[in-house]
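Down below is the structure, laid out as structure tokens.
The values are calculated or read from the model by the stated rules, or taken from the named source; none is laboratory data. Being a predicted model, the structure only gives us computed values, none of them experimental. Using ideal geometry, Cβ is built from the backbone for each residue, glycine included, and neighbour counts are taken over all protein chains shown. Please note that ligands, DNA and RNA were not included when accessible areas were found on the heavy atoms of the full protein model with its side chains. Shrake-Rupley method; radii C 1.70, N 1.55, O 1.52, S 1.80 Å.
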Amino acid sequence: MDRDQLHTKRITSLLTICAAFLMGFIDAYTFMQLDHVFVSAQTGNMVTFGVKLFTGHPYDALANMVAFFGFMCGAFLGEVLLARLRLPGLRRYRLFLYVQALLLLVLALFQTSLELSVMVFVLGLLSGYALTTFRKIGSTPVNNGIMTGNARNMMNSLYLILFEKDEQAKKDMLHLFTGIITFVAGVGASASVSGWDPMAILWIAFGIVCFSIFALFFYKWT
């Protein structure tokens, strides 16, 4: 492995772990504070949408659809940047993070005046964007906001370990487990903060992204 590949692997691992924590952190916030909407875990979001729709609350279900649409827009934006953005070294990753930081800063500043639909759309967009741009720990593809896929892939890795004696599968399983645990830690942290001050959630999320940006400024690409 050449030096550039090693640096890229380290950076994407850090950013994917931070993104997994952030997605769990935000999902718990939107579920608890924004009318049971998931902005990252879209399977849960669609379940909630269906329950609201078919139990006589179709208007409440609109927020879930808005979050889903925002998620798709964010995923598309992430794919566009990945395919079209040509920046060297750390500048590319910083730009990805600047977009996240800007969205969270705007939401944190105006969270008391924004409509629910606007909040969940932007947070859904942020989630789809983060899921697309930061999705590897080591050499293992890891979903930072969709734990169903990670759990399924863990069991695939377990099969390869037990029956195929695959050494790479051990690393993959560890990386996938790291993603799941980090996401759950974000959920737990968000639930704790929500009991103290729900208004602090978005500011802390903004701080998590700023931490990622500062980490890249101190990283030595040599």
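How much accessible area per residue does the chain have, in Å², with a 1.4 Å probe? Walk me through the intermediate numbers first.
Numbers: 11280 Å² over 222 residues.
So the chain comes to 51 Å² accessible per residue, rounded to a whole number.
Could you tell me the number of lysine pairs in the chain with C-alpha atoms less than 22 Å from each other, where the two lysines are 8 or more residues apart or belong to different chains?
Working: Lys9/Lys136; Lys9/Lys170; Lys9/Lys171; Lys9/Lys220; Lys136/Lys170; Lys136/Lys171; Lys136/Lys220.
Qualifying lysine pairs in the chain: 7.
First select every other residue whose beta carbon is under 14 angstrom from the beta carbon of Ser190; then total the charges, Lys and Arg +1, Asp and Glu -1.
Values: positive: none; negative: Asp27, Asp197.
Charge balance in the 14 Å sphere: -2.
What is the ratio of the Cα radius of gyration of region 59-117 to 2.2 N^0.38 Å, with N the residue count, to two decimals?
Working: Rg = 14.6 Å, N = 59, 2.2 N^0.38 = 10.4 Å.
Its radius of gyration relative to the 2.2 N^0.38 Å reference: 1.41.
Could you list which residues have their amide H under 5 Å from that of Ile137, counting only those 5 or more apart in sequence or on another chain, with H placed in the peptide plane?
Val142
Among all helices in the chain defined by DSSP H, which have a length of 30 Å or more along the axis from Cα atoms plus a Kyte-Doolittle mean of at least 1.0? Write out the running numbers ahead of the final one.
Working: long enough: 3-33 (45 Å, 0.43); 58-84 (39 Å, 1.15); 89-109 (31 Å, 1.38); 167-196 (45 Å, 0.54).
Within the chain the helices that satisfy the rule are 58-84, 89-109.
Could you work out how far apart the two model spin labels at Thr148 and Ile213 are, taking each label as a point 7 Å from the Cα in the direction of the beta carbon, and quote it in nm?
3.4
For a test of the definition: using alpha carbon positions, the gyration tensor, and the 1.5 limit on a/c, classify region 1-69 as rounded, prolate or oblate.
On the way: a/c = 4.92, a/b = 3.24, b/c = 1.52.
Here region 1-69 falls in the prolate category.
Report, to the nearest whole %, how much of the accessible area of the chain belongs to carbon and sulfur atoms, 1.4 Å probe, protein only.
On the way: 7820 of 11280 Å².
Exposed carbon and sulfur together represent 69 percent of the surface.
Rounded to whole Å and sorted largest first, list the principal axis extents of the Cα atoms in region 92-222.
56, 39, 24
On average, how much area does the Cα convex hull of region 1-136 cover when viewed from any direction, in nm²?
Working: hull surface 34.2 nm².
The number I arrive at for region 1-136 is 8.5 nm².
Relative contact order for the chain: what is it in percent, counting Cα pairs under 8 Å that are at least 6 residues apart? All intermediate terms of the calculation are to be shown ahead of the outcome.
On the way: 328 pairs, mean separation 76.0, N = 222.
RCO, the chain: 34 percent.
For Asp197 and Lys171 in the same chain, what is the full-extension length gain: residue separation times 0.36 nm, less their Cα-Cα distance, in nm? Working shown, then result.
Details: separation 26, 0.36 × 26 = 9.36 nm, distance 3.83 nm.
Value of the extension gain: 5.5 nm.
Using the beta-carbon distance between Gln111 and Leu162 and R0 = 45 Å, what value does 1/(1 + (r/R0)^6) give for FRET efficiency, to the nearest 0.05?
Working: r = 48 Å, r/R0 = 1.07.
For Gln111 and Leu162, the calculated efficiency is 0.40.
Along the charge dipole of the chain, Cβ charges K/R +1 and D/E -1, which of Asn143, Leu160, Gly74 sits furthest on the positive end?
Checking the options against the dipole of the chain, the answer is Leu160.
Give me the distance between the Cα centres of region 131-169 and region 1-26, rounded to whole Å.
When both Cα centres are located, 15 Å separates them.
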